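The values are calculated or read from the model by the stated rules, or taken from the named source; none is laboratory data. The model shown is predicted, which means the values in this text are computed figures rather than measured ones. Cβ coordinates were reconstructed from backbone atoms using ideal geometry, including for glycine residues, and neighbour counts include every protein chain displayed. For accessibility, only protein heavy atoms count, side chains too; no ligands or nucleic acids. Shrake-Rupley method; radii C 1.70, N 1.55, O 1.52, S 1.80 Å.
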Amino acid sequence: MSAGTDKSGTPAENIDAILRLEKEEEKDLAVHHRLFHWIGWFVGTTQFIVLQFVVVAAWMAFNVWLPHHAIDEYPFPLLALILALEAVLLTSCVLIRQGTIDRSLERRDHLELQINLLAEREATRSLRILQRIAKRLECDDDDDCAPDELARETSVDEIAKDLREREKDKEKPESPDGDRFANTLR
């Protein structure tokens with residue numbers, strides 16, 4: 001590949017690459033995790049709600065209308081036990097699915113951060129090159145900004161520290177003594 005050739009693909013190729021990575025991640029899941037993931041997905045659909053309603057209604061109808069064959073008489077304690085157990089198991093499946101999604105989103109966020117940092121570095125280099133070209137052509141760009149303001153490398157550590165400080169400032173109470181409401185009562 002020559003130095004001038006673009007290594008990134010078209011947007012469609014990039015989307016295909018992302019989808020391929022997601023499929024590979026899905027294949028790497030153990031069979032039971034895939035099952036829990038599917039159950040967690042199915043629980044969030046209208047089909048599940050309809051199925052749940054039909055099963056509960058059929059259970060109640062069977063036990064009320066056919067009392068001589070009833071396996072769970074009114075007030076349906078067995079049905080309550082089954083639904084409580086189902087709620088616990090389905091909640092676990094949903095939480096397992098959510099954990100898998102969270103890990104995938106964390107990886108995607110990390111990848112996005114890396115891409116943004118690379119883009120920042122490329123933009124900084126481009127600005128430096130443009131400044132050198134402008135200097136050679138004796139173009140004046142002092143009206144827009146300081147010469148090195150935009151072409152300066154961005155420090156991730158400085159941005160992270162600044163972000164933490166701003167978050168801490170937001171968490172501080174407004175009153176120097178603590179609670180503003182308590183101070184008005186004194």
Within the range 32-39, is even one residue surrounded by 12 or more Cβ atoms within 10 Å (Cβ to Cβ) and part of a loop (DSSP other than H, G, I, E, B)? no
Of these, Ser104, Ser126, which one is small (Gly, Ala, Ser), open to solvent by less than 80 Å² (accessible area, probe 1.4 Å), assigned to a helix (DSSP H, G or I) and in contact (Cβ under 8 Å) with a residue 60 or more places away in the chain? Ser104
Select from the range 73-101 the residues that are open to solvent by less than 100 Å² (accessible area, probe 1.4 Å) and under 21 Å from the mean Cα position of the chain (by Cα) and list them in ascending order. Thr91, Ser92, Cys93, Val94, Ile96, Arg97, Gln98, Gly99, Thr100, Ile101
Could you look through the range 53-70, keep only residues that are at pLDDT 90 or above and open to solvent by 90 Å² or more (accessible area, probe 1.4 Å), and pick out the one that is farthest from Ile39 (Cα to Cα)? Trp65
If you check every pair at least six apart or on different chains, which have Cβ atoms under 6 Å apart with a residue in the range 63-86 that is over 18 Å from Gln52 (Cα atoms) first and a residue that is of a type outside the set (A, V, I, L, M, F, W, C) second? Ala70/Asn63
Among the candidates Glu112, Glu138, single out the residue that is over 35 Å from the mean Cα position of the chain (by Cα), modelled with pLDDT of 80 or more and open to solvent by 90 Å² or more (accessible area, probe 1.4 Å). Glu138
Take the range 10-21 and flag every residue that is among the acidic types (Asp, Glu) and surrounded by 11 or more Cβ atoms within 10 Å (Cβ to Cβ). Asp16
